[in-house]
Amino acid sequence: MTADLALIWPELILTIGGLVTLMLGTFLGDRQVGLYQLAALLTLAAAAVAVVALFGVNASVFSNTLAVDNFGGFAKLVIYGASAVSILIAPRFFAGGMRAEYPVLILFAALGMGIMASSRDLMTLYVGLELNSLAAYVLASFMRSDDRSSEAGLKYFVLGALASGMLLYGISLLYGFSGTTDFAGIAAAMGGKLNPGLIFGIVFVLAGLAFKVSAVPFHMWTPDVYEGAPTPVTAFFASAPKVAAMALMTRVAIDAMGPAIGAWQQIIIFLALASIILGAVGAIGQKNIKRLLAYSSINNVGFMLIGLAAGTQAGVQAVLTYLLVYVVTTVGAFLVLLQLRDADGNYVESIPALAGLSQRRPGLAAAMAVFMLSLAGIPPLFGFWPKLLVFQAAVNANLVPLAVAGIVASVIGAFYYIAIIKTMYFDDKSEVEIDGSRNIVEGSIITVSALWLSIVGYLFIPMLTVASAAAASVLF
Amino acid sequence: MSGLPFLSLLLAIPAVAAIACLYVGERNAKFVALGASLLNLVLSLVMWSQFEIGGAQWQFQELHKGLFGPFDYALGIDGLALLLIVLSTFLMPLCILASWESITKRVGLYMAMFLAMEVVMIGVFAAQDLLLFYIFFEAGLIPMYFIIGIWGGANRKYAAFKFFLYTLLGSVLMLIAMIAMIAEAGTTDIPTLMSYNFPVEMQTWLWLAFFASLAVKMPMWPVHTWLPDAHVQAPTAGSMILAGVLLKMGGYGFVRFMMPMFPDASAQLMWIVFALSMVAVVYTSLVALVQSDMKKLIAYSSVAHMAIVTAGLFAFNQQGIEGAMIVMLSHGVVSAALFFCVGVIYDRLHTREIDRYGGLAVNMPAYALFFMLFTMASIGLPGTSGFVGEFLSIAGIYEASSWVAFVCTTGIILGAAYMLYLYRRIVFGELTKDDVKAMPDLNPREWAIMVPLAAVALWMGVYPESFLAPMRGDVTTVVARLAPAKPASDAHVSAGKPKAAADHGEGHEAPAGEAHHAGGSQ
């Protein structure tokens, strides 16, 4: 047991860091937000260092309930990075309303997500998921004075509870018919003859997880929650939890249900195509850019699921690469949104208000154009690369029709991404004056991510290939 | 061959200049762009002079293995690519000059987009890695989307969307085919893939996927509808580069990928290409005849010319393919020149309606002269570039199928009809309208654009050997690759009297025979 503790340093650091920050907040009050922010960032950095230090370890701890491996490590690094950015960007957004709980909640959510990515037992899976979700419900309604925020929190909570119920039902079926909650044990049970109980278990578990990654048809909450939640929180929702849930789904599918690929592959294929198409079509009519980005996340999850549907190591590698690139792009896009304030200091969220942005703030518009084209997967932007990997995995797994359908549907998605560029570049200036104030931290994050997503990213492919291969290989 | 990495430099110069254009201010941006594109032109001409005709098939090769992980930074050109690169670098400074005064807003961004376009075009023709090629091929959509969308005409947004989505939809299927090819052959190296024998039934699918992409890019009837919209809305220089080089990417894709990589499928599905080409030649020529918008008319004539290219390529013989390549080069120069001719009078009167003009020969004689030259080159008058290309390709087509040749030739007659009709309505007739009377003749800047275009059009017409020589060996290679799959012809062409000089022996005899042939056609 003590030996096991040495292998979960990242989780320990996050727990202790989170509790210390919480205590500081309780005793020092809301005025020291800078201090809590710093404490939380340091905690995340330390946890990331611990993850890197554990690189190459491949162990199962606490009676096989938690895996310490490169797969979890890769996901955790992305999660911690996205969490750090959401902490960095918060104070400017909340202005006076920033409270000590914000960094604490993000830390606990990150802890929960780390556990999700590493769980190899249905019980730890559920614990991690709920730890993350409970923090997320509070974060969604963090702006107490804003009706939309409260509504978002409530909606997220009610639908999240429903999804948890489905997940738990699925878990109970799997446990009932396999006699164990351990992934390896479930896989062994699935290796034999599949009985209806196990199949129902697979369906319900996947449905519950599909809710978390907001795959169609379990996506309904996404646009409302993204629109209502405060923008830094939305940036967080769109990035880190997606990574955790996708990693979890991948691990469950490959590790626990691997032998039953015939049973779940068609479910994933359906989720993938439905998400791509609905995510693309649903986005077309949107007037609010946060809602649009919500549909964009649904759309992108669909592409990731294509990689998962392949069920091969190349597919998992593609999913991981996709997650990283997607997180950088999405966080960048939300950061651009955070720069858009009108003369009164209100945040601009409507798409028509972006008209002519390229003439008011050329740099910002260019960065947004990079993010949009990258999300659309148009080369030479780096968003093309993970899409290529995903389709390559699908083609090599003999899923050519899926790849063809997915790539054709990606053209529908391209429509609304280039429509944003049209608004920013082709349309005449809107009435809304965009405030010109700049923030060095946010500006540099935007610049770095936009540069990385332009052609520079291609130079990182060898590195990414090695990292994702190291992560994906532990599942096979 | 010197050790200079010509191709990388050709890519780097406009790329650096494009970034510079965004920061140096509007006035300087023009000079930066012009300087960079002229430097690139000089560099590409030096490269041409160092290109060894009859030397290695692939020259100026650069390879950085593993730079991008699973695919390589591999560049290299053969004669076909060389000529298309020179065409791109030749047209680019002219495009920038053509926009010198007509573009007044956001000049820095405009110049940056054009230079980005140049990078993309050179990259497409120079890439020797399948994925690198695709990246360049698709990347071309972005600058063109901006060029049409920001600086275009009244309906520019619609045209920009249509251009982007139409061509994207075609391209993505090609990507899936490429992935399948990489999986099958285990390499992304284009020269290796060109000699790889894919299973015949797989070839059919791959061919169709490539065809979906390249036919849109080309464009072939019935997927040409984006082209008139894009041309009409694009600014003059945008149309010049679109007709001049972007359409050639389609033709290049045919001769570089579809024919050598899928020879069996090409033979088997040849009828599709012939059928669509025949419809296109006749139909789009007739459509061009009734246009009242100058740019639309030339856009439709582009579709008709490109149909001769596709038919010529699929003739599977030396003349056909060489002719098709010359048509592409000639059309690159001539259609760019024609769009510029439209631009010249559009800048003065701000309308593309043919009826608004008339009698320009009186007050714009120099303009009328150049316009006449390019009209004749478009029709294919002997002595101009159009003749060489059309004669060779139709001779090649006849060898493959006399019926296709017959239909394609009617296109040339119709071409003469719509071009001369256009010319008559604009340049001849009474000079009655007051605003037309007030139009001044060409200014020095316009002279500077017209003269090089005219010189090249005549050079290609009088001494095409300069352009045929670099590509001859590569065309022979393609023909040899296609020979086993080549279907029988209905024309039963037999060699003339001096049996020894017959060019039926496709392989090694052909170069010498061709030189004779091309020279003899003058």
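Looking at the stretch A:403-476, the GluC sites (Glu not before Pro) that sit in a DSSP loop and have at most 11 other Cβ atoms within 10 Å of their own Cβ are A:GLU431. For B:GLU52, the solvent-accessible surface with a 1.4 Å probe is about 90 Å², rounded to the nearest 10. Note on the protein assembly as shown: with charges restricted to the Cβ of Lys and Arg (+1) and Asp and Glu (-1), its dipole about the Cα centre is near 1060 debye.
Within the same chain, lysines fewer than 8 places from B:LYS486 are excluded, and of the rest, those with a Cα less than 24 Å from its Cα are B:LYS499.
Principal axis extents of the C-alpha atoms in the stretch A:181-331 (largest first, rounded to whole Å): 51, 26, 24. Between B:SER402 and B:SER102, full extension at 0.36 nm per residue minus the direct alpha carbon distance yields a gain of 103.3 nm.
The interface between chain B and chain A buries about 3000 Å² of solvent-accessible area in total (1.4 Å probe, ligands and nucleic acids excluded). Taking the dipole about the Cα centre of the stretch A:2-473, with the C-beta of Lys and Arg at +1 and of Asp and Glu at -1, give me whichever of A:ILE106, A:TYR169, A:MET249 is farthest to the positive side. Toward the positive end, the furthest listed residue is A:MET249. Students often get this wrong: which residues of the stretch A:392-408 have the backbone nitrogen under 16 Å from the point 7 angstrom along Cα-to-C-beta of A:VAL281? Taking a point 7 Å out along Cα→Cβ of A:VAL281, the residues of the stretch A:392-408 whose backbone N falls under 16 Å are A:405-408. Measuring nothing but protein heavy atoms, the accessible surface of the stretch A:2-473 at 1.4 Å probe radius is 68 percent carbon and sulfur. Each other residue within a Cβ distance under 13 Å of A:ALA67 adds +1 if Lys or Arg and -1 if Asp or Glu, for a net charge of -3.
Relative contact order of chain A, taken over Cα pairs closer than 8 Å and 6 or more residues apart, is 15 percent.
Distance between the 7 Å Cα→Cβ label points at B:LEU208 and B:TRP459: 4.5 nm. In this simple spin-label model, placing a label point 7 Å from the Cα along the Cα-to-Cβ direction at both B:LEU381 and A:VAL466 gives a separation of 6.5 nm. For A:MET123 paired with A:ALA184, estimate the spin-label separation in nm (one decimal), with each label point 7 Å from Cα along the Cα-to-Cβ line. It works out to 1.7 nm between the two label points.
For the stretch A:2-473, a simple Cβ point-charge model (Lys and Arg +1, Asp and Glu -1, everything else neutral) yields a dipole of about 440 debye relative to the Cα centre.
Per-residue shielding of A:395-404, expressed as the average number of other chain Cβ atoms within 10 Å of the residue Cβ, stands at 3.
Can you give the longest run of chain A that contains no trypsin sites (Lys or Arg not before Pro) sitting in a DSSP loop with at most 16 other Cβ atoms inside 10 Å? Kindly include the intermediate steps, with their values, before the conclusion.
Numbers: sites that count: A:ARG144, A:LYS193, A:LYS287, A:LYS429, A:ARG438.
The reported range is A:1-143.
Using the Cβ-Cβ distance between A:ARG31 and A:TYR347 with R0 = 35 Å, the FRET efficiency computed as 1/(1 + (r/R0)^6) comes to roughly 0.90.
With a/c under 1.5 counting as rounded, go ahead and sort chain B into rounded, prolate or oblate using the C-alpha gyration tensor (a ≥ b ≥ c being the square roots of the eigenvalues; past the cut-off, prolate if a/b is larger than b/c, else oblate).
Values: a/c = 1.60, a/b = 1.22, b/c = 1.31.
It is oblate, given that a/c is not under 1.5 and a/b is not larger than b/c.
Taking the charge dipole of the stretch A:379-476 about its Cα centre, with +1 at Lys and Arg Cβ atoms and -1 at Asp and Glu Cβ atoms, the residue from A:VAL466, A:PHE415, A:VAL448 reaching farthest to the positive side is A:VAL466. Membrane-span-like helices in chain B (whole DSSP H runs, Cα extent of at least 30 Å along the helix axis, mean Kyte-Doolittle hydropathy of at least -1.0): B:26-50, B:156-185, B:318-349, B:402-427.
Can you give the average number of partner chain beta-carbon atoms within 10 Å of each beta-carbon in peptide A:353-361, as a whole number? Mind dumping the intermediate values first?
Numbers: counts 0, 0, 0, 0, 0, 4, 3, 0, 0.
Partner-chain Cβ atoms within 10 Å, mean over residues of A:353-361: 1.
Put B:PHE391, B:PHE146 in order of accessible area, highest first, and with a 1.4 Å probe you get B:PHE391, B:PHE146. Shown for the stretch B:68-87: residues covered by the partner protein chains by 30 Å² or more of accessible area relative to the chain by itself (probe radius 1.4 Å), namely B:PHE68, B:PRO70, B:PHE71. Residue ranking by accessible heavy-atom surface, 1.4 Å probe, largest first, among B:TRP207, B:TRP221, B:TRP403 comes out as B:TRP403, B:TRP221, B:TRP207.
Near A:SER350: Cβ cut-off under 12 Å, other residues only, Lys/Arg at +1 and Asp/Glu at -1. The net charge is -1. Placing a label point 7 Å from the Cα of B:ALA417 along the Cα-to-Cβ direction, the residues of the stretch B:367-399 whose backbone N falls under 20 Å from that point are B:375-381. The magnitude of the dipole of chain B, with charges of +1 and -1 set on the Cβ of Lys/Arg and Asp/Glu and taken from the Cα centre, is near 1180 debye. Over the protein assembly as shown, DSSP H runs of length four or greater, each weighted -39,500 (n - 2.57), average out per residue to a 222 nm ellipticity of -24000 deg cm²/dmol. Shielding value for A:425-435 is 2, the average number of Cβ atoms from other chains within 10 Å of each residue's Cβ. FRET efficiency for the pair B:VAL42 and A:PHE476, taken as 1/(1 + (r/R0)^6) with r the Cβ-Cβ distance and R0 = 60 Å, rounds to 0.65. Rounded, prolate or oblate, given the Cα gyration tensor of the stretch A:2-473, with a/c below 1.5 counting as rounded? Verdict is oblate for the stretch A:2-473. Pairs of Lys residues in chain A are counted when their Cα atoms are under 30 angstrom apart and they lie 8 or more places apart or on different chains; the count is 25.
Shape summary of the stretch A:27-136, radius of gyration then Dmax from alpha carbon positions: 15.1, 46 Å.
Rounded, prolate or oblate: which one fits the protein assembly as shown, using the alpha carbon gyration tensor with axes a ≥ b ≥ c (rounded when a/c is under 1.5, else prolate when a/b beats b/c, else oblate)? Prolate is the answer for the protein assembly as shown, as a/c is 1.5 or above and a/b outweighs b/c.
In plain terms, the chain from B:VAL451 to B:ASP347 could stretch by 35.5 nm, reckoned as 0.36 nm per residue minus the Cα-Cα distance. Only one residue of A:MET368, A:LEU305, A:GLY406 has its Cα farthest out toward the positive end of the dipole of the stretch A:285-411, where Lys and Arg carry +1 and Asp and Glu -1 on Cβ, and that residue is A:MET368.
For the stretch A:190-275, the relative contact order is 44 percent, taking Cα pairs closer than 8 Å that sit 6 or more residues apart in sequence and dividing their mean separation by the residue count.
Counting charges near B:ASP441 (Lys, Arg +1; Asp, Glu -1) among other residues having Cβ under 14 Å from its Cβ returns a value of +1.
The values are calculated or read from the model by the stated rules, or taken from the named source; none is laboratory data. Fair warning: this is a prediction, and the values are worked out from it, not measured in the lab. Methodologically, a virtual Cβ is constructed for each residue, glycine included, from the backbone with ideal geometry; neighbour enumeration extends over all protein chains shown. Accessible surface is based on the protein model in full, side chains and every heavy atom, while ligands, DNA and RNA are left aside. Shrake-Rupley method; radii C 1.70, N 1.55, O 1.52, S 1.80 Å.
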